[in-house]
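Derivation of every value follows stated rules applied to the coordinates shown; laboratory data play no part. Keep in mind that this is a model prediction, so the values were computed, not measured. Here the Cβ is made from the backbone with ideal geometry for all residues, glycine too, and neighbour counts use every protein chain on show.
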Amino acid sequence: MKKLLEKLNLIPNSTLHKKLENEEALRRQVTALFGILSSIHGADKLVLRAGKLEALNLMRSPDLTDRVIALQRIVFENPNIEERPEPEQIPEILQEVEEALADMLARRSVEAEIEAKVNEKMQERHEEYMQEIRTQLVKEKSGPENAQTLKKYAKLEKLEHIHLSRSTLELVRPQSLKDIVGQEQGVQSLISKLASPFPQHVIIYGPPGVGKTTAARLALKEAAKLATTPFAEDAPFVEVDGTTLRWDPRDITNPLLGSVHDPIYQGARKDLADTAIPEPKTGLVTDAHGGVLFIDEIGELDPVLQNKLLKVLEDKRVQFDSPYYDPEDPNVPKYIKKLFEEGAPADFILIGATTREPHEINPALRSRCAEVFFEPLVPEQVEDIIVGAANRLKVSVEQGVPELIARYTIEGRKAVNVLVDAYGLMKYKEGKSGQPSEQISLKDVEEVLQMSRLHPYVRQQNHNSLEVGRVNGLGVAGYLGSVIEIESVAFPASEKGKGRLRFNDTAGSMAKDSVFNAAAVFRRMTGQDLGDYDVHVNAVGGGRIDGPSAGVAIFLAVYSAVTGRALPQWIGITGEISIQGRIKPVGGIREKIFGAKQAGLTHVLVPKENERDVPNDTTGIQVTVVETIDDVLELVFPDKSEKVS
């Protein structure tokens, strides 16, 4: 290249030679600087550092300018350096880089020297320091406090004097038993269990958000006022959630029953650890001694822990054991000796709350407890809860607000949460506008419902019509009943006797059995074979039907579809159907009647054998018991109507 340029007489020979020599010197200088960086950081760390500073590609570039930019970014730790230097600027830049590297090397050298001296001094004085510390601790007579602990104590005391306003949910919580809406019978039953001179353990069953926890807390306060009960006025109420308690097979920790702290592995008090004395730690059952231990969601409590709890209920005492305990050791404090030899007192009343069905609870636990049932709330009761919460908030609500919230939930807690959210939204708007407002508007509630993605709990439909092939079955999940819309269509089969009978695959095997039972009853009553029809039965919404309780409803849907006779849509039906046409009993009658009423139905048919399960108060809905399918047909087709065209 050099000779070519000389032949072309483009640049003088001496100038070109000097320029190439300068460039080569700069390249060697840059390479040397990268070598110094590699020795400082290490090759691998240098690559990582270059990658983070977006200099890796520039560092590997054959172009001198790119490598200089990469050098600047790495040394000055600035990935934003992008300006490409002119050739005459490169020496100056490299000089700045060299100075920076010199400072870095000098600093590292000093740090290494200081660190070496520190390590040397620490090694020399280690034993001396340890001895001084031991002597100081032994001789110290001022107690456990020092400047650091006193500073932390002062900080805690300062925090104690800082108070925000009361929690809104705490403010709207019922303050007396009369504020608990819709559970008069349940509350009375609960108090009767505690008001006796011999109070009973209790399990409260009911759907979420109806006041089980609040009722238990207030019931203890009421019972403590009576002279007939063993509860003192200051009787403790210890509350815990069963889902948070787990049995530890190693016995290292047990917040419910208590545990023993191993002096070696768990670190008991220093004076106990030095003498290898285990320290028992009492649990919640001892904290609740003389009062109530309330376990929410007791059905979720670990089965092993439930069995341990049963033992405590029987003995009214918790026993502790440890292989490290030596009863002959004179250094064992009296309280530890007493806990190991006599146990900790745990005489309390257990109140458990659950959303599970009674049969899902441990039978041994149920046998030791009285049972109280809280009912689902109806919309009118939810409205009363909202009005009461608004009064405790000292805020008025626009007309229609309670009704609107009650359409979206049947849980008292959820309804109050919506009201509290609307209250917060109202206050936020008040702060922005500067105009005071003491009324929660429908618009505020609608915005909260929309932001919370809530949907109406029950969509009211027109139930005053007659329809062919459609019937309202009744179902129950937990403690909440609901209406299951079952529909059917029937067409003459293309070939007689080769019709098809179809049902939702997701409905469940027992529901499919109900379809075949319905086919048998249909043939028995009409003399016709469903095999002559293509029949499709559908549970609208694809809901799963657990159990045979939809048998009668399925039969009516098929019967109506084939015969063309219309069914009244204001009637809800539940019951298992036998192949001989008898109506067999089913479960959840109370909940199903409640669900039918919620959905706007006015009449419910239930099996005769479930007559005792019908609640005393059925205001707003008619309940009729039936024994056979003939009874059902007489009720749903009272006019003996002919086929509907």
Reviewing (i) 26.6, 89; (ii) 29.4, 94; (iii) 40.6, 123, the figure for Rg and Dmax of the Cα atoms in Å actually calculated from this model sits under (iii)
Here the relative contact order (percent) of the chain, from C-alpha pairs under 8 Å and at least 6 apart, is 9 percent
Contact order relative to length for region 379-451, counting C-alpha pairs under 8 Å separated by 6 or more residues, stands in percent at 37 percent
Per the rule of 0.36 nm per residue minus the C-alpha distance, extending SER433 to THR253 adds in nm 59.4 nm
Here, GLN399 and LYS443, labelled 7 Å along Cα→Cβ, have an inter-label distance in nm of 1.9 nm
By Cβ neighbour count within 10 Å, fewest first, PHE522, PHE594, PHE237 rank PHE237, PHE522, PHE594
Length gained if ASP302 through ASN362 is fully extended, taking 0.36 nm per residue and subtracting the Cα-Cα distance, is 20.5 nm
Residue separation between ARG317 and ASN391 times 0.36 nm, minus their alpha-carbon distance, gives in nm 22.2 nm
Taking the chain and counting helices only, DSSP H stretches of n ≥ 4 at -39,500 (n - 2.57) each over all residues, the nearest-500 ellipticity at 222 nm comes to -14500 deg cm²/dmol
Neighbour-count ranking for SER192, SER109 (other C-beta within 10 angstrom, fewest to most) reads SER109, SER192
